[in-house]
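Since the structure comes first, as structure tokens, the remarks are kept for the end.
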Amino acid sequence: MWLGAVEVTPDNIARMTDTSASATSSGPGTDLDWKGMYTAAGTQGTLFERMEMELLELAPDRAVGRIPVQGNTQPAGLLHGGASVVLAETLGSLAAQAHAGPGRNAVGIEVSATHHRGAREGYVTGTATALHLGRTTASYEIVITDDAGKRVCTSRLTCMILG
């Protein structure tokens, strides 16, 4: 579920590097609406849109999102492994970009995934959790589960912080 877009202003962007508890919370009524900032940046015409991703939470140390299985399958009807990796890299990259802050960019330099089980219906939900938040790199573990809470995939992403 998306929140409404917030105005992207220099003040809002500058607060992206604030790591206080109020700034790292997401959702309405918090000092910084990370999801709204991403929505304002736009996803039209991107893989995010084509895969029907939903961003549920976003902060520098954690991101949660989901995709429907339908439309993201391989020919046998199972969730495509590449779809899991795209979800994982997207969530980790968004969190890393939030960590990087204004004037800097986070780019993925390594991603790996272990596929544990298939999914045929419903949604899969990914949760990216920071393992390391440094000056030049950020690393995340991303766990993807099905609607029953069973682990579908475990991924690890490292992003380089540029700028």
Amide proton proximity set for Leu131, modelled H, under 5 Å, gap of 5+ | Ser139, Tyr140, Glu141
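For Ile144, Ile67, Ile161, Ile109, what's the fewest-to-most ordering of other Cβ within 10 Å of each Cβ? Don't skip to the answer; put the middle values down first.
Values: Ile144 28, Ile67 23, Ile161 19, Ile109 11.
By the 10 Å Cβ count, ascending, the order reads Ile109, Ile161, Ile67, Ile144.
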Ranked by how many other beta carbons lie within 10 Å on average, peptides 91-103, 129-141, 147-159 from highest | 91-103, 147-159, 129-141
So how compact is the range 31-163: Cα radius of gyration and Dmax in angstrom?
-> 14.2, 45
Ordering of 50-61, 112-123 by burial proxy (mean other Cβ atoms within 10 Å per residue, highest first) | 50-61, 112-123
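Read-outs: derived from the displayed coordinates by stated rules, not from any lab. Note that the structure is predicted; figures quoted are calculated from it, not measured. For neighbour counting, all protein chains shown are included, and Cβ atoms are generated from backbone atoms with ideal geometry for every residue, glycine included.
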